[in-house]
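What follows is a short report on a single structure.
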Amino acid sequence: MADLQLHTLLLCDYALTAQDGKISAVGIFSQINVARMPATHGRCFIVAILEASPGPHELTLQVMSPSGKATLQQAPRLRIEVPANATTANIVADLKGMRLEEIGRHRIEVRAGDALLGSAPFNVNLVMRQQPGNA
């Protein structure tokens, strides 16, 4: 088995890990619509499921803009401990106040040191709000 292998990566409105280790993810999305730029997305969760060898692992989560710029000023750094009898690790990360400065295709990245384990895309769209009475 590989030391770490990403199997699932998603962005959602809310996620939690139950006492039995099951993850519940609510409101899975791949688009964020904003009325103006720059914008701040109030709150979202990143869920990652990895195949992992037992022992400690250090991971970093980052959001990359379409121009390749890291958007999280303080990227979450996670230290996980996989028990000897386990083969997977579940991660639920709460992101508050994600700053968005570009429209277009962004990527969530999961890294172990410098190694990119995987990524998932999402789009940021600029939408014009329709004024009341204007059909």
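Every number in this text was worked out from the coordinates using simple rules, so none of it is lab data. Keep in mind that what you see is a predicted model, and the values were worked out from it rather than measured. Don't worry about glycine lacking a Cβ; one is built from the backbone with ideal geometry, like all the others, and counts go over all protein chains shown.
Using DSSP to call loops (not H, G, I, E or B), can you name the trypsin sites (Lys or Arg not before Pro) in the stretch 1-105 whose Cβ has at most 15 other Cβ atoms within 10 angstrom?
Answer by residue number: K22, R36, K69.
Roughly how big is the chain's charge dipole about its Cα centre, with Cβ charges of +1 (Lys, Arg) and -1 (Asp, Glu), in debye to the nearest 20?
So the magnitude is around 560 debye.
For the chain, modelled as a GNM with alpha-carbon contacts under 10 angstrom, which of D114, D94, D13 fluctuates the most?
Top of the fluctuation ranking is D114.
Distance between Cα centroids, the stretch 62-135 to the stretch 26-47: provide it in whole Å.
Going from one Cα centre to the other spans 9 Å.
Can you give the Rg and Dmax of the chain based on its C-alpha atoms, in angstrom?
16.7, 63
For N125 and H7, what is the calculated FRET efficiency with R₀ set at 30 Å and r taken between the beta-carbons, to the nearest 0.05?
My answer for the efficiency is 0.60.
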